[in-house]
Amino acid sequence: MPWWSAQTHADRRPLLLARGRIKAALRGFFDGQGFTEVECGALVASPGNETHLHAFRTKRIGTDGVAHPVYLHTSPEFAAKKLLAAGEEKIFEFARVFRNREAGRLHAPEFTMLEWYRARTGYEAVIDDTLALARLAAEVAGAKMLRHGARACDPFAEAEWLCVAEAFNRHAGIDLLATLGDRDALARAAKLTLAHDEDWSDIFSKILTTIEPKLGEGRLTVLYEYPRCEAALARVSPRDPRVAERFELYGCGVELANGFGELTDAAEQRSRLEAEMTKKARLYRDRYPLDEEFLAALTQMPPASGVALGFDRLVMLATAAPHIRDVLWTPPLS
């Protein structure tokens with residue numbers, strides 16, 4: 001039956017009302033921390049420059065009738081960082097974002113991303129924020145556990161902190177940092193047959209997909225210190241130059257959030273994004289322009305840390321909803 005049938009809507013409505021309560025509570029969390037809520041535009045010159053993210057492309061027609069290519073953003077990140085450069089210190093947004101080629105139990109082409117930034121703080125502060133928000137969502141939903149399918153996770157228990165290298169060692173038996181940049185060595189360690197066009201990052205991603213279901217079992221997992229080459233928007237760790245200040249939060253084997261100590265070196269950022277687009281052109285015969293205003297703003301942006309959290313996924317786990325469509329007021333086109 002369609003989602004707008006009376007019976008289907010009645011079945012979904014308790015989950016949707018819980019979504020509203022969770023959203024209000026999370027907004028209250030940021031208000032209490034002195035954050036400013038912002039609204040970033042969805043139409044952008046560049047939708048983001050990650051290799052495997054696919055944007056919706058459209059045209060903006062000027063008063064002169066001339067068409068200019070624009071995109072629906074895949075994240076408000078570039079715009080939010082411009083606001084940091086403009087002088088904002090603590091900002092958040094419940095942003096509607098758009099990603100093509102994404103559909104499934106955990107994916108929708110249009111969804112809500114909760115994104116926030118703290119200027120002049122280390123990324124440990126936003127990790128603490130992320131854990132607090134997961135616990136708050138469960139509390140508001142009246143859930144003692146986060147649930148996804150047969151998996152359960154206690155958000156109130158002390159979270160597991162697991163660096164990526166240790167996760168690969170523990171769950172795949174691989175000394176990850178010893179293979180950096182050597183795709184053949186990583187493939188041998190993982191006992192994988194290489195396709196001719198696969199690079200180190202492709203193999204890393206394949207292995208990570210086998211590790212992810214083991215994360216966030218019983219308690220939340222903070223997966224941190226990604227290899228530098230897997231963190232195009234994050235600054236290098238002062239502790240180890242092989243890794244970057246990037247983390248992800250997992251619950252019940254589901255990725256809930258992705259955050260960084262933000263890179264503010266404009267030249268380094270340009271180089272990384274150009275490399276991402278070169279790979280995108282090779283794999284998908286497509287590339288997106290760089291946001292030159294974003295790169296210019298980085299020269300004025302203070303040190304900062306930020307997080308993008310999949311709000312719909314968090315609601316799913318807090319309400320034990322089986323599918324992302326169950327917690328969206330108007331699910332996207334099939």
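No value in this document is a laboratory result; all are computed from the given coordinates. Computed from a prediction, not measured in an experiment: that's the story for all the values here. Backbone-built Cβ (ideal geometry, glycine too); neighbour counts: all protein chains shown.
At-a-glance table
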| item | result |
| --- | --- |
| Residue with peak Gaussian network fluctuation, the chain [Cα springs, cutoff 10 Å], from Lys280, Lys82, Lys206 | Lys206 |
| The chain - mean residue ellipticity at 222 nm from DSSP helices (-39,500 (n - 2.57) per run, n ≥ 4, rounded to 500) | -11500 deg cm²/dmol |
| Extension gain (nm, one decimal) between Leu16 and Ala67, 0.36 nm per residue minus Cα-Cα | 14.4 nm |
| Fewest-first sequence of Ile61, Ile207, Ile91 by Cβ atoms within 10 Å of each Cβ | Ile61, Ile207, Ile91 |
| Spacing of the two label points (7 Å from each Cα toward its C-beta) at Arg101 and Ala6, in nm | 4.4 |
| Alpha carbon centroid spacing (whole Å) that separates the range 11-31 from the range 211-279 | 28 |
| Ranking of His68, His9 by count of other Cβ atoms within 10 Å, fewest first | His68, His9 |
| Relative intensity, log₁₀ I(q)/I(0), of the chain from a Debye sum that treats every alpha carbon as a point, q = 0.07 Å⁻¹ | -0.29 |
| Order of Asp128, Asp291, Asp64 - criterion: other Cβ atoms within 10 Å of each residue's Cβ, fewest first | Asp64, Asp128, Asp291 |
| Residue of Arg272, Arg118, Arg60 that the Gaussian network model of the chain assigns the largest fluctuation, springs spanning Cα pairs under 10 Å | Arg60 |
| Under 20 Å from Lys280, Cα to Cα: lysines that are on another chain or at least 8 residues apart | Lys206 |
| Residue-by-residue Karplus 3J(HN,Hα) for the range 187-204, coefficients 6.51, -1.76, 1.60, Hz, glycine and proline x | 5, 5, 4, 8, 6, 10, 8, 7, 7, 4, 9, 7, 10, 4, 5, 4, 5, 3 |
| Efficiency of FRET between Gln300 and Asp240 - r from beta-carbon atoms, R0 30 angstrom, step 0.05 | 0.60 |
| Max mean-square fluctuation residue, GNM over the chain, Cα-Cα springs under 10 Å, options Glu255, Glu93, Glu37 | Glu37 |
| Derived scalar couplings ³J(HN,Hα) [the range 9-23; Karplus, 6.51 cos²θ - 1.76 cosθ + 1.60; whole Hz; x for Gly, Pro] | 5, 4, 5, 8, 4, x, 5, 5, 5, 4, 4, x, 5, 5, 4 |
